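Peer 1: One structure is given below, represented as structure tokens, and several questions about it will come after.
The values are calculated or read from the model by the stated rules, or taken from the named source; none is laboratory data. On a predicted model such as this, the values are computed, not experimentally measured, just so you know. Cβ placement follows ideal geometry from the backbone for every residue including glycine, while neighbour counts extend to all protein chains displayed. Each accessible area value is taken on the protein alone, full model and side chains, heavy atoms only, with ligands, DNA and RNA left out. Shrake-Rupley method; radii C 1.70, N 1.55, O 1.52, S 1.80 Å.
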Amino acid sequence: MSAPLSPDFRNGEVSFWYRSLGVPRPGEPLKGDVQADVAVVGAGYTGLWTAYYLKKADPSLRIVVLEKEFAGFGASGRNGGWLTGALAGSADRYAKTHGPEAARRFQRSMFEAIDEVVAVAAEEGIDADIVKGGLLTVARGPAQAARLREELAGQRQWGWDEDDVRLLSRDEMDGRLRVAGALSATWSPHCARIQPAKLVRGLVEAVRRLGVEVAEGTPVTEIAPGRAVTPYGTVTAAHVLRCTEGFTATIPGHHRDWLPMNSSMIVTEPLPADVWASIGWDGRELLGDMAHYYMYAQRTADDRIAFGGRGRPYLYGSRVDDRGHTHGWTVDALWELLTSFFPAVAGSRVAHAWSGVLGVPRDWCSTVHVDPATGLGWAGGYTGHGVTTANLAGRTLRDLVLRRDTDLSRLPWVDRRVRSWEPEPLRWLGVHSMYRLYRIADARESRGGTRTSALAKIADMITGH
């Protein structure tokens with residue numbers, strides 16, 4: 001099914017989220033050598049939150065943030081707008097190294113981070129279209145419904161109670177959102193809708209007001225103890241923090257640290273009142289499903305549906321298509337899935353399509369680290385949960401840089417070591433095999449299977465997902 005495109009359809013141009021704001025031009029670059037206390041590489045959520053909390057904790061610090069493009073160019077300005085409490089990694093894996101109670105503390109810290117972002121946005125006057133409507137996860141088909149029940153049982157084991165997530169009755173589900181083919185659904189309050197670009201641009205303004213220097217249009221060519229090197233000068237600092245998420249593979253020496261996984265989105269034209277009457281969605285919940293080749297969606301502030309999923313999941317050699325252009329077949333596939341969820345949308349058209357990259361560690365678990373001997377640090381590998389996790393990472397990096405012994409500095413993702421991804425062509429073969437198997441597994445399950453396809457389990461084994 002070919003997606004109908006609106007007359008003013010745009011492809012790429014970073015993302016739809018900049019359409020109302022205008023795609024920013026990079027600000028002033030670094031002007032010569034600089035002596036600082038902290039150099040932050042990357043002006044996305046992680047780098048900006050880190051600079052924000054460090055400067056609030058110690059206003060005397062000189063902090064310089066270095067950005068190759070403009071602040072919010074990467075995943076921070078392209079994501080699905082999910083401020084979600086989902087743990088960026090496997091609770092079981094964190095529990096294996098630090099015990100179950102540490103994993104529970106980590107999860108609770110993620111829940112609390114949602115309200116922290118909301119509170120700071122209000123305090124700083126950042127209007128990011130935030131609505132804390134929670135997360136609705138639907139199961140379309142018997143196999144998905146079985147996985148939903150298993151997931152809920154697992155959440156109960158980790159201490160999530162009825163206030164954290166609950167199974168909805170049919171009436172409750174349809175009263176929130178009517179998804180074609182949905183058999184069951186859970187709802188969790190731990191999620192809020194945001195407009196990603198508004199949040200990141202508001203953050204850069206906030207850190208500049210605090211006195212943080214943000215140098216845009218300034219690529220970093222070398223990260224080493226005590227310095228970050230750029231074509232325009234070197235920032236010498238006691239701490240150099242790498243906050244580059246999906247673009248980490250482009251930095252010399254870090255090519256195999258985190259795999260840059262592609263995710264793509266489309267957004268409809270504004271939908272008329274009769275379409276919304278048939279769909280519901282008055283609570284502005286975030287929407288996900290239990291498919292292996294999963295989707296994610298939100299109802300935007302101007303009454304569109306922004307709908308995402310995997311397109312071309314990975315480019316050979318960890319390349320990054322950095323302007324967000326999306327292949328036509330991906331647009332068509334997302335449109336077909338969107339209209340299968342909401343047949344009433346079929347009379348609308350696609351207004352914008354874009355793509356971005358997220359960082360995936362080999363064990364799919366995020367990490368935060370600061371080496372007190374060298375001053376080098378990093379945070380990332382968020383596996384698609386970066387909007388909330390980046391805030392928690394920023395506060396954790398603050399405590400590590402300032403050498404504070406706190407609950408955050410003792411979370412189980414701190415100092416976690418992860419082995420590198422395999423060299424090519426093994427990376428490309430592994431990732432593409434995984435997602436091909438997921439697509440086939442979803443197709444088989446859609447024909448009425450009641451159990452998770454064995455192909456999906458093989459896909460998990462291939463990449464350690």
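Peer 1: From the Cα gyration tensor of region 108-182, with a ≥ b ≥ c the square roots of its eigenvalues, which class applies: rounded if a/c is under 1.5, or else prolate if a/b is larger than b/c, or else oblate?
Peer 2: Numbers: a/c = 3.01, a/b = 1.62, b/c = 1.86.
Oblate is the answer for region 108-182, as a/c is 1.5 or above yet b/c matches or exceeds a/b.
Peer 1: Say the dipole of region 163-309 comes from +1 at the beta carbon of Lys and Arg and -1 at that of Asp and Glu; which of 183, 292, 237 then lies farthest toward its positive end?
Peer 2: Working it through, the farthest residue towards the positive pole turns out to be 237.
Peer 1: Same structure again: Over region 85-190, with every protein chain in place, what whole percent of the accessible area is carbon and sulfur at 1.4 Å, could you tell me? Before the final figure, lay out the partial values.
Peer 2: Details: 2410 of 4800 Å².
Reported share for carbon and sulfur atoms: 50 percent.
Peer 1: At 1.4 Å probe size, with the rest of the protein present, what percent of the exposed accessible area of region 195-270 is carbon and sulfur atoms? Each step should come with its number before you reach the end.
Peer 2: Details: 1300 of 2450 Å².
The value for region 195-270 is 53 percent carbon and sulfur by accessible area.
Peer 1: With a 1.4 Å probe and all protein chains kept in place, how much accessible area does residue 364 have, in Å² rounded to the nearest 10?
Peer 2: 20
Peer 1: Sticking with this structure for a sec: Looking at the chain, send over the antiparallel percent of its DSSP beta bridges, to the nearest 5.
Peer 2: Values: 43 of 68 bridges.
For the chain, the DSSP antiparallel bridge percentage is about 65.
Peer 1: Dipole of the chain, Cα-centred, from +1 at each Lys and Arg C-beta and -1 at each Asp and Glu C-beta, to the nearest 20 debye? Intermediate values should be presented prior to the final figure.
Peer 2: On the way: 55 positive and 54 negative charges, 186 e Å.
The dipole of the chain has a size of about 900 debye.
Peer 1: Here is a further query. Could you state the number of Å between the C-alpha centres of region 67-110 and region 248-270?
Peer 2: Spelled out, the Cα-based centre of one part sits 16 Å from the other.
Peer 1: Sticking with this one: How much of the accessible area of region 353-453, in percent, comes from carbon and sulfur atoms when a 1.4 Å probe is used?
Peer 2: Details: 2060 of 4000 Å².
Roughly 51 percent, rounded to a whole number.
Peer 1: Which one, 254, 270, 305, projects farthest toward the positive side of the charge dipole computed for region 241-309 from Cβ point charges (K/R +1, D/E -1)?
Peer 2: Result: 254, furthest along the dipole toward the positive end.
Peer 1: With contacts defined as alpha carbon pairs under 8 Å and 6 or more residues apart, what's the relative contact order of region 346-391 in percent?
Peer 2: On the way: 43 pairs, mean separation 15.6, N = 46.
34 percent.
Peer 1: Then there is this: Quick check for me: using +1 on Lys/Arg Cβ and -1 on Asp/Glu Cβ, what's the dipole size of region 51-196 about its Cα centre, in debye to the nearest 20? Could you put the intermediate results ahead of the total?
Peer 2: Numbers: 20 positive and 21 negative charges, 103 e Å.
Charge dipole, region 51-196, about its Cα centre: 500 debye, nearest 20.
Peer 1: Is the C-alpha gyration tensor of region 1-118 telling us rounded, prolate or oblate? Criteria: a/c under 1.5 is rounded; beyond that, a/b larger than b/c is prolate, otherwise oblate.
Peer 2: Numbers: a/c = 2.52, a/b = 1.12, b/c = 2.25.
Note, shape of region 1-118 comes out oblate.
Peer 1: Using a 1.4 angstrom probe, figure out how much accessible area the chain has per residue, in square angstrom, rounded to the nearest whole. Mind showing how you got there, number by number?
Peer 2: Numbers: 18080 Å² over 465 residues.
Computed with neighbouring chains in place, this is 39 Å² per residue.
Peer 1: Relative contact order of region 283-414, please, whole-number percent, based on alpha carbon pairs below 8 angstrom and at least 6 residues apart.
Peer 2: 14
Peer 1: Ordered by residue, what ³J(HN,Hα) values in Hz, to whole numbers, does region 264-278 give under the Karplus form 6.51 cos²θ - 1.76 cosθ + 1.60, where θ = phi - 60° and Gly and Pro are x?
Peer 2: 10, 9, 10, 9, 7, 5, x, 8, x, 4, 5, 5, 5, 5, 7
Peer 1: Would you compute, from DSSP H runs of 4+ residues alone, the mean residue ellipticity of the chain at 222 nm, taking -39500 (n - 2.57) per run and dividing by the full residue count, rounded to the nearest 500? Could you put the intermediate results ahead of the total?
Peer 2: Details: 11 runs with 151 residues, N = 465.
So the helix-based figure for the chain works out to -10500 deg cm²/dmol.
Peer 1: Mind checking the dipole of region 116-230: about its Cα centre, +1 per Lys or Arg Cβ, -1 per Asp or Glu Cβ, Debye to the nearest 20?
Peer 2: Details: 15 positive and 18 negative charges, 85 e Å.
In debye, rounded to 20, region 116-230 gives about 400.
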